[in-house]
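This report refers to the structure that appears directly beneath it.
The values are calculated or read from the model by the stated rules, or taken from the named source; none is laboratory data. Bear in mind that the values here come from a model prediction, so they are computed numbers and not experimental data. Cβ sites come from the backbone with ideal geometry, for glycine too, and all protein chains shown count toward neighbours. Each accessible area value is taken on the protein alone, full model and side chains, heavy atoms only, with ligands, DNA and RNA left out. Shrake-Rupley method; radii C 1.70, N 1.55, O 1.52, S 1.80 Å.
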Amino acid sequence: MDLGLSDKVAVITGGSAGIGLGVARCFAREGTRVVLAARDRERVAGAARDIAEEFGTEALGHPCDVATAEGCDSLIDAAREAFGGVDILVNNAGTGSNETILDAPDDKWQSYWDLHVMAAVRLARGLAPIMAERGGGAILNNASICAVQPLWYEPIYNVTKAALLMLSKNMATEFIPMGIRVNTVNPGLILTPDWIKTAKQLSADTGGDWEGYLQSVADEHAPIRRFGTVEELADFMVFLCSPRASYVSGSVHHVDGGMLRSI
Ligand code: NDP
């Protein structure tokens, strides 16, 4: 299927690793020009260089912290300068947490709010008018199954991802008259290098069977009894951003191997 993305420009936050990198590669395969945003300057530059080489499309790696207003402004400016505008925004940068409500200080709550919610607000505020000038576009917010089915060790993650879901719904209604579709994906267990690193750390003291550890996580949470690959999720995310999904707006899509326990 031709996704109709070859003349588009996509900004992907958290594009240097894991799911964001997979999404950027999938766009690049379709001929989309990509802007990757992440904090580690060398890693994001390297990821963009590799994508440009492998897929023969233009790729910009922009170092910035999207949890800050300055970082978001610099990303908007960099994308506009490099490619003259933007058609697609994937708000993907994010990370898990581990705390109790009784112990977590205010600044921890604030930092996750800034990363999971304010980054999406600020980037949409800057980029939606630019998309509208080009006839419309798509915004995809990467939340988590934890937005609707919490894991109890990470209340801050659960709450801020749930807020992103509501933000996404509000954006969808506000932006559709501008020709901009806004949707959300709620991934379940997606096997990223970070999961493998964590599994190796957690299994080190008990014999180092990190694959067994990951299998036990999948067995406990996902009826499909395995992690999803980055590619399985990225293909779906890129489809949602494409003109082929032109009637999909304001929706939440679970990509979770059946992990969601409600209808
Ligand atoms: P990774 O940790 O593998 O990658 C995170 C990416 O985000 C990196 O490129 C990182 O680069 C970047 N990043 C982190 N903080 C910032 C910041 N403040 N500003 C700019 N870039 C930032 O994460 P995943 O790929 O696993 O997760 C991606 C998204 O998917 C997250 O929002 C996560 O909550 C969500 N998700 C993941 C699931 C999974 O099983 N993997 C399941 C459900 C949801 P750098 O550190 O250089 O900034």
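Answer with yes or no whether ALA120 is in a helix (DSSP H, G or I), under 17 Å from VAL11 (Cβ atoms) and either at pLDDT below 95 or within 16 Å of the ligand (Cβ to nearest atom) (or both). Lay out the reasoning, then the answer.
On the way: in a helix (DSSP H, G or I): yes; under 17 Å from VAL11 (Cβ atoms): yes; either at pLDDT below 95 or within 16 Å of the ligand (Cβ to nearest atom) (or both): yes.
Criteria met by ALA120.
What do you reckon, is GLU30 farther than 20 Å from ARG244 by Cα and among the charged types (D, E, K, R)?
Numbers: farther than 20 Å from ARG244 by Cα: no; among the charged types (D, E, K, R): yes.
Spelling it out, it is not the case that GLU30 is farther than 20 Å from ARG244 by Cα and among the charged types (D, E, K, R).
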If I ask for residues that are open to solvent by less than 20 Å² (accessible area, probe 1.4 Å), assigned to a helix (DSSP H, G or I) and either within 13 Å of the ligand (Cβ to nearest atom) or not small (Gly, Ala, Ser) (or both), which ones from the range 169-192 would you list?
MET171
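Does LEU21 satisfy the criteria of being farther than 25 Å from VAL117 by Cα and either touching a residue at least 60 places away in the same chain (Cβ under 8 Å) or near the ligand (Cβ under 8 Å from one of its atoms) (or both)? Working first, answer last.
Values: farther than 25 Å from VAL117 by Cα: no; either touching a residue at least 60 places away in the same chain (Cβ under 8 Å) or near the ligand (Cβ under 8 Å from one of its atoms) (or both): yes.
When the stated conditions are applied, LEU21 does not pass them.
Please count how many residues of the range 176-190 are under 17 Å from CYS146 (Cβ atoms) and hydrophobic (A, V, I, L, M, F, W, C).
Of all residues in the range 176-190, those under 17 Å from CYS146 (Cβ atoms) come to 184-190.
Pick out the ones that are also hydrophobic (A, V, I, L, M, F, W, C) and you get 185, 189-190.
Summing the residues that are under 17 Å from CYS146 (Cβ atoms) and hydrophobic (A, V, I, L, M, F, W, C) in the range 176-190 gives 3.
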Matching residues in the range 27-37 (open to solvent by 10 Å² or more (accessible area, probe 1.4 Å) and within 22 Å of VAL255 (Cβ to Cβ)) number 2
Top-ranked residue in the range 193-215 [being of a type in the set (Ser, Thr, Tyr) and open to solvent by 60 Å² or more (accessible area, probe 1.4 Å); ranked as nearest to ILE19 (Cα to Cα)]:
TYR213
Given the conditions (1) within 14 Å of the ligand (Cβ to nearest atom); (2) within 19 Å of the chain's Cα centre (by Cα); (3) free of Cβ contacts under 8 Å to residues at least 40 places away in the same chain, and given that GLY94 satisfies all but one, which numbered condition is not satisfied?
(3)
Six or more apart or on different chains, Cβ atoms under 8 Å: show the pairs whose first residue is in the range 31-47 and among the acidic types (Asp, Glu) and whose second is surrounded by fewer than 24 Cβ atoms within 10 Å (Cβ to Cβ).
ASP40/PRO63
Inside the range 244-253, can you point out the residues that are open to solvent by 70 Å² or more (accessible area, probe 1.4 Å) and not in a loop (DSSP other than H, G, I, E, B)?
ARG244
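Sort out which residues of the range 219-243 are among the hydrophobic types (A, V, I, L, M, F, W, C) and in a loop (DSSP other than H, G, I, E, B), and write them in order of number. Talk me through it step by step, then tell me what you get.
Just the residues of the range 219-243 that are among the hydrophobic types (A, V, I, L, M, F, W, C), to begin with: 222, 224, 227, 230, 233-234, 236-241.
Across the range 219-243, the qualifying residues are ALA222, ILE224, PHE227.
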If you go through PHE27, PHE55, the only one that is more than 26 Å from VAL121 (Cβ to Cβ), modelled with pLDDT of 95 or more and among the aromatic types (Phe, Trp, Tyr) is PHE55
Among (1) part of a helix (DSSP H, G or I); (2) out of contact with any His (no Cβ under 6 Å at 6 or more places or on another chain), THR160 falls short only on (2)
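Can you report the number of residues in the range 1-28 which are among the basic types (Lys, Arg) and closer than 24 Å to LEU189 by Cα? So that I can check it myself, show each step before the final result.
First pass over the range 1-28, keeping only residues among the basic types (Lys, Arg): 8, 25.
Applying the additional criterion that residues be closer than 24 Å to LEU189 by Cα yields 25.
Adding up the residues that qualify gives 1.
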When you go through (1) more than 9 Å from the ligand (Cβ to nearest atom); (2) closer than 20 Å to VAL117 by Cα; (3) open to solvent by 40 Å² or more (accessible area, probe 1.4 Å) one by one for ASP65, which number turns out not to apply?
(1)
